[in-house]
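Participant: Here it is, the structure, as structure tokens.
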Amino acid sequence: MAKYNRVLLKLSGEALMGKMGYGIDPEVVRDIAGQIKRVASQGVQVAVVLGGGNIWRGLSAASHGMDRAVADYMGMLATVLNSLALQDALEKMDCETRVMTAIEMPQVAEPYIRRRAIRHMEKGRVVILAAGTGNPYFSTDTAAALRALELHAEVILFAKNNVDGVYSSDPNVYPDAVKYDEITFKEAIQLGLKVIDGPALALCQENSLPVLVFGIQEPDSIVRVISGDKLGTVVS
């Protein structure tokens with residue numbers, strides 16, 4: 001039995017590359033698609049926002065001298081590549097899917113229109129939201145928070161590739177880092193915890209939208225968090 005009726009799942013681009021170090025691992029994409037199909041088949045309405053860090057990082061390119069806006073637009077295009085890969089995997093499993101982009105490219109996807117996205121979800125289609133907000137200087141975390149609010153999602157599920165929740169410090173660097181099961185937005189901000197991008201966290205706090213941060217590498221983690229299993233960290 002699913003805990004939620006409508007969710008927004010935020011997947012980092014790195015989640016798609018598995019152990020490859022770069023690009024898209026088809027086996028990983030198939031596993032993620034299989035989990036999404038399972039929850040969609042339970043009647044859960046699912047929207048997905050994908051990052052593009054497995055292909056391109058706009059902020060990193062900007063730090064090496066590229067114009068920030070150009071670098072960010074390239075990052076948005078990387079999210080479209082990831083979205084099409086996930087759509088293909090879902091449709092091969094007979095899971096009806098729509099990719100909607102913040103930057104119009106009608107040959108490959110529908111333009112993002114809020115009411116149309118909601119209608120797709122009400123009809124049981126998985127909606128993949130690509131190209132971030134369509135604006136430079138905004139992360140895909142912020143895009144996920146914005147879209148979740150627009151689509152009236154009950155929670156944002158942030159699937160992380162290198163951690164399984166929110167910690168007092170980076171557990172990959174500090175072995176004594178403490179994991180939080182639950183934490184408030186105020187505590188996360190005061191402690192300077194790297195939960196999600198700052199503007200995204202502020203947007204969720206202002207609108208009382210709960211966030212659940214969990215590790216994508218745990219078996220069936222997407223299915224389990226939507227079913228209500230206690231994985232990761234709840235920020236509310």
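Participant: Among (1) β-branched (Val, Ile, Thr); (2) within 25 Å of residue 205 (Cβ to Cβ); (3) crowded, with 18+ Cβ neighbours inside 10 Å, there is one condition residue 118 misses while meeting the rest; what is its number?
Facilitator: (3)
Participant: Filter region 69-89 down to the residues that are more than 16 Å from the chain's Cα centre (by Cα) and farther than 13 Å from residue 136 by Cα and list them by number.
Facilitator: Result: 88, 89.
Participant: Whether any residue in region 11-27 is touching a strand residue (DSSP E or B) at 6+ places or on another chain (Cβ under 8 Å), hydroxyl-bearing (Ser, Thr, Tyr) and closer than 27 Å to residue 204 by Cα is what I want to check.
Facilitator: Yes: region 11-27 contains one or more residues that are touching a strand residue (DSSP E or B) at 6+ places or on another chain (Cβ under 8 Å), hydroxyl-bearing (Ser, Thr, Tyr) and closer than 27 Å to residue 204 by Cα.
Participant: In region 202-221, which residue that is without any contact (Cβ under 8 Å) to a residue 60 or more places away in the chain and of a type in the set (A, V, I, L, M) is surrounded by the most Cβ atoms within 10 Å (Cβ to Cβ)? Step through it out loud before you land on a result.
Facilitator: Taking region 202-221 first, the residues without any contact (Cβ under 8 Å) to a residue 60 or more places away in the chain are 202, 204-208, 210-215, 217-219.
Filter once more, keeping what is of a type in the set (A, V, I, L, M): 202, 211-213.
Values: 202: 14, 211: 28, 212: 21, 213: 26.
Only one residue fits best here, namely 211.
Participant: Examine region 148-156 for a residue that is out of contact with any strand residue (DSSP E or B) (no Cβ under 8 Å at 6 or more places or on another chain), at pLDDT 90 or above and of a type in the set (D, E, K, R), and state whether such a residue exists. Full working, then the answer.
Facilitator: So in region 148-156, the residues out of contact with any strand residue (DSSP E or B) (no Cβ under 8 Å at 6 or more places or on another chain) come out as 149-150.
Narrowing the set further to residues that are at pLDDT 90 or above leaves 149-150.
Of the ones still in play, those that are also of a type in the set (D, E, K, R) are 150.
Yes, because at least one residue in region 148-156 is out of contact with any strand residue (DSSP E or B) (no Cβ under 8 Å at 6 or more places or on another chain), at pLDDT 90 or above and of a type in the set (D, E, K, R).
Participant: Okay, moving on. Within region 1-27, track down each residue that is at pLDDT 95 or above and buried (at least 21 other Cβ atoms within 10 Å of the Cβ).
Facilitator: 7, 8, 9, 10, 11
Participant: Still on this structure, please answer the following. Please determine whether any residue of region 15-35 is in contact (Cβ under 8 Å) with a residue 40 or more places away in the chain, of a type outside the set (A, V, I, L, M, F, W, C) and over 22 Å from residue 123 (Cβ atoms).
Facilitator: Looking through region 15-35, at least one residue is in contact (Cβ under 8 Å) with a residue 40 or more places away in the chain, of a type outside the set (A, V, I, L, M, F, W, C) and over 22 Å from residue 123 (Cβ atoms).
Participant: Within region 113-142, which residues are closer than 12 Å to residue 79 by Cβ and of a type in the set (Ser, Thr, Tyr)?
Facilitator: Within region 113-142, 133, 139, 140 meet the criteria.
Every residue, every condition in (1) at positive phi; (2) touching a residue at least 60 places away in the same chain (Cβ under 8 Å), yes or no:
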residue: 110; (1), (2): no, no
residue: 117; (1), (2): no, yes
residue: 122; (1), (2): no, yes
residue: 129; (1), (2): no, yes
residue: 134; (1), (2): yes, no
residue: 139; (1), (2): no, yes
residue: 146; (1), (2): no, no
residue: 150; (1), (2): no, no
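Participant: Additional query: Tell me whether region 144-158 contains one or more residues that are over 15 Å from residue 13 (Cβ atoms), out of contact with any Leu (no Cβ under 9 Å at 6 or more places or on another chain) and not in a helix (DSSP H, G or I).
Facilitator: Looking through region 144-158, at least one residue is over 15 Å from residue 13 (Cβ atoms), out of contact with any Leu (no Cβ under 9 Å at 6 or more places or on another chain) and not in a helix (DSSP H, G or I).
Participant: Let me ask you something else. Given the criterion of a type in the set (A, V, I, L, M), more than 12 Å from the chain's Cα centre (by Cα) and within 25 Å of residue 37 (Cα to Cα), identify the matching residue among 118, 128, 183. First the steps, then the outcome.
Facilitator: Working: 128 fails: more than 12 Å from the chain's Cα centre (by Cα); 183 fails: within 25 Å of residue 37 (Cα to Cα).
Going through 118, 128, 183 in turn, the sole match is 118.
Participant: Mind checking whether some residue in region 171-182 is modelled with pLDDT of 90 or more and either closer than 21 Å to residue 82 by Cα or not charged (D, E, K, R) (or both)?
Facilitator: Scanning region 171-182, I find at least one residue that is modelled with pLDDT of 90 or more and either closer than 21 Å to residue 82 by Cα or not charged (D, E, K, R) (or both), so the answer is yes.
The values are calculated or read from the model by the stated rules, or taken from the named source; none is laboratory data. From a predicted model like this one, the values you see are computed outputs, not experimental measurements. All Cβ positions, even for glycine, are placed from backbone atoms using ideal geometry, and neighbour counts span all protein chains on display.
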